[in-house]
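Asker: Provided herewith is a single structure, encoded as structure tokens, for subsequent inquiry.
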Amino acid sequence: MSLYEKLQSASSEEDVKDAYIKALGLKGYQKNLIDIQTHEVWFEAKDKSNTTTYAMFTQLLHYVQVALNRGEYVPPFLCVIDTKKAAIMKTADAMPLLEKRDIKWGKSASSYTQEALDAVSAYIGTYFVSFKIETHEKEFMEAIK
């Protein structure tokens, strides 16, 4: 069964995370506030496909900003995933946006402000590569690996 087929029967965000973890053969991952963390990639996952790629990256970049503010490690890649789409971006491409430190993120990653969404959306549009899982599953998996 393909990743896309498994995702169509997902009934929770945990199902989505588990399907991607298995399909990508991720090792040494953690599931925390950041939905899936590996040393190389942080993933933001959704169990429905109605959240935009920009909104998912806004949430993930909130976590990156928190990590940077604390002097903690951030991985070289960021990825957003749901039941129909995925996108990947180099963390370094977002650093100029984050180094400004003037984005009003909101109280948590899931309660981001419209200002944060607008700032991220205006900035990252040319930096991420998006995949439609139904037709480009193989290309997505190769990009992650």
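The values are calculated or read from the model by the stated rules, or taken from the named source; none is laboratory data. Keep in mind that what you see is a predicted model, and the values were worked out from it rather than measured. Glycine also receives a Cβ, built like all others from the backbone with ideal geometry; neighbour counts cover every protein chain displayed. Side chains included, ligands, DNA and RNA excluded: accessible areas come from the protein's heavy atoms. Shrake-Rupley method; radii C 1.70, N 1.55, O 1.52, S 1.80 Å.
Asker: Let me spell it out: the conditions are (1) of a type outside the set (Phe, Trp, Tyr); (2) at pLDDT 95 or above; (3) assigned to a helix (DSSP H, G or I), and residue 78 meets all of them except one. Which number is the exception?
Answerer: (3)
Asker: While we're on this one: Could you check the range 96-145 and list, in sequence order, the residues that are β-branched (Val, Ile, Thr), assigned to a helix (DSSP H, G or I) and under 14 Å from the mean Cα position of the chain (by Cα)?
Answerer: If the condition is that a residue be β-branched (Val, Ile, Thr), assigned to a helix (DSSP H, G or I) and under 14 Å from the mean Cα position of the chain (by Cα), then 120, 124, 144 are the ones that fit.
Asker: State whether one or more residues within the range 53-65 are within 22 Å of residue 137 (Cα to Cα), outside any loop (DSSP other than H, G, I, E, B) and more than 15 Å from the chain's Cα centre (by Cα).
Answerer: Within the range 53-65 (the criterion being within 22 Å of residue 137 (Cα to Cα), outside any loop (DSSP other than H, G, I, E, B) and more than 15 Å from the chain's Cα centre (by Cα)), the answer is no, since none of the residues qualifies.
Asker: Could I ask something else about it? Starting from residues that are over 19 Å from residue 110 (Cβ atoms) and outside any loop (DSSP other than H, G, I, E, B), keep the ones in the range 10-19 and report whichever is most open to solvent (accessible area, probe 1.4 Å).
Answerer: Ranking the qualifying residues of the range 10-19, first place goes to 18.
Asker: Restricting to the range 28-52, what's the tally of residues that are under 12 Å from the mean Cα position of the chain (by Cα) and not in a loop (DSSP other than H, G, I, E, B)?
Answerer: 7
Asker: For the range 102-132: of the residues being among the hydroxyl-bearing types (Ser, Thr, Tyr) and in contact with a strand residue (DSSP E or B) (Cβ under 8 Å, 6 or more places away or on another chain), which is surrounded by the most Cβ atoms within 10 Å (Cβ to Cβ)? Give the derivation first.
Answerer: So the first thing to find is which residues in the range 102-132 are among the hydroxyl-bearing types (Ser, Thr, Tyr), and the list is 108, 110-113, 121, 123, 126-127, 130.
Next, only the ones that are in contact with a strand residue (DSSP E or B) (Cβ under 8 Å, 6 or more places away or on another chain) stay: 112-113, 127, 130.
Numbers: 112: 20, 113: 15, 127: 16, 130: 13.
Only one residue tops the list, namely 112.
Asker: Considering every residue within the range 59-68, establish whether at least one is open to solvent by 40 Å² or more (accessible area, probe 1.4 Å), closer than 15 Å to residue 36 by Cβ and in contact with a strand residue (DSSP E or B) (Cβ under 8 Å, 6 or more places away or on another chain).
Answerer: Our first condition is that a residue be open to solvent by 40 Å² or more (accessible area, probe 1.4 Å); within the range 59-68, this holds for 63, 66, 68.
Filter again for closer than 15 Å to residue 36 by Cβ, leaving 63.
Next cut, in contact with a strand residue (DSSP E or B) (Cβ under 8 Å, 6 or more places away or on another chain) only: 63.
Scanning the range 59-68 turns up at least one residue that is open to solvent by 40 Å² or more (accessible area, probe 1.4 Å), closer than 15 Å to residue 36 by Cβ and in contact with a strand residue (DSSP E or B) (Cβ under 8 Å, 6 or more places away or on another chain).
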